[in-house]
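Chemist: First, the structure itself, so that you have it in front of you.
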Amino acid sequence: MITLETLPLPTSPSLVPGGVQPVSFRLKRGETLWVTGPAESGKTALLETIALRRPVTGGAMTLLDQDAGPRITSRARRLLQQRIGYIDATPLFMDRLTLADNIALPLELHHVRKADIRRETEAILQWFMLESHARSYPATLSQTIRLRAACARALISQPSIILVDEAALTLCPVLRERLLSTIQGMAQNGATTLLATQTLPKEAPLEGEVLTLPQHKPSPEIMDPSTSKEGMAMPQILATRDERLLP
């Protein structure tokens, strides 16, 4: 479902000579990958590239069995982006729309029935404790509320690819648990997930492989001492299957 072959990824020159590292990996449908590494190791750049927000300048990338490399067309990019849910660290919203309408936008793009949009939006607002902010406008809300709204917006359409930057993993324990358990349920239904963080969480309801950036071993003087070397043994959480919007 996601294949990268020697994708050039910008990285701090203090970590990789020249400031660029080639990254290669393959993720199948339903698999989860935790991307770890120190600041400026390329974690966010990797997510932005897979989200098709950053141009691919070399190598090869395939998303959902479609070429998403340097020659991707505008139409192919637009269609793929509709199947990707990206929770970035500084989410942007349409300021002229209420928070509820912003969250519902992915369903609008999928041409879901109005009654279903209203039902799903109300449910996910409640799940992420956003009911009291539903009619507010994004510009009036705190960064924490906007981040919770970004989680709701990214997941409401049950995307085929889920990308989570580190900021979302700093939510309060209750909301973080809800976020990860929701992703776990979608992964069981076939969604492929990448989560970026400097260190692996000690407890989370989401198991997965680990990719540490940069892919070569840094010299001892620049090794991040906080990076965990321990494996993961996360509990599974059962979730209701829903195959409406996954391939």
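Read the figures in this text as sums done on the coordinates, not as results from a lab. It should be emphasised that the depicted structure is a prediction, and the values quoted were computed from it without experimental measurement. Counting neighbours? That spans all protein chains shown, and the Cβs are built from the backbone with ideal geometry, glycine included.
Chemist: Measure of size requested: the Rg and Dmax of region 1-76, with Cα atoms as the atom set and Å as the unit; please supply both.
Modeler: 12.5, 38
Chemist: Here's another thing I want to ask about it. What is the dipole size for the chain, taken about its Cα centre, with +1 at each Lys and Arg Cβ and -1 at each Asp and Glu Cβ, in debye to the nearest 20?
Modeler: Roughly 680 debye for the chain.
Chemist: Please state the relative contact order of the chain as a whole percent: Cα pairs under 8 Å, 6+ residues apart?
Modeler: 27
Chemist: Could you check the simple spin-label distance between Thr199 and Tyr137, using points 7 Å along Cα→Cβ, in nm with one decimal?
Modeler: Rounded to a tenth, the inter-label distance reads 4.2 nm.
Chemist: What's the local net charge at Thr192, with K and R +1, D and E -1, over the other residues with C-beta under 13 Å away?
Modeler: +1
Chemist: With viscosity set to 1.567 mPa s at 4 °C, what whole-number translational diffusion coefficient in µm²/s follows for the chain from Stokes-Einstein and a Kirkwood radius over Cα pairs?
Modeler: Answer from the Stokes-Einstein relation: 69 µm²/s.
Chemist: Test of the criteria: in region 89-123, which trypsin sites (Lys or Arg not before Pro) are in a DSSP loop and have at most 12 other Cβ atoms within 10 angstrom of their Cβ?
Modeler: Arg96, Arg113
Chemist: Can you tell me the dipole magnitude for region 89-158 around its Cα centre, using point charges on the Cβ only (Lys, Arg +1; Asp, Glu -1), in Debye to the nearest 20?
Modeler: Using only the charged Cβ atoms, the result is roughly 40 debye.
Chemist: So, one more: Going 7 Å from the Cα of Val20 toward and past its Cβ, which residues in region 34-62 have a backbone nitrogen under 13 Å from where you end up?
Modeler: From region 34-62, the list is 56-60.
Chemist: Sticking with this one: For the chain, what does -39500 (n - 2.57) per DSSP helix run (n ≥ 4), summed and divided by total residues, give at 222 nm, in deg cm²/dmol to the nearest 500?
Modeler: Value at 222 nm, helices only: -8500 deg cm²/dmol.
Chemist: Could I ask something else about it? Write down the Kirkwood hydrodynamic radius of region 89-158, to one decimal in angstroms, obtained as one divided by the mean of 1/r over all alpha carbon pairs.
Modeler: Radius from the Kirkwood sum: 11.8 Å.
Chemist: Could you tell me the calculated FRET efficiency between Leu64 and Glu207, based on Cβ-Cβ distance and R0 = 22 angstrom, to the nearest 0.05?
Modeler: For Leu64 and Glu207, the calculated efficiency is 0.45.
Chemist: How many angstrom lie between the C-alpha centres of region 41-67 and region 1-19?
Modeler: 11
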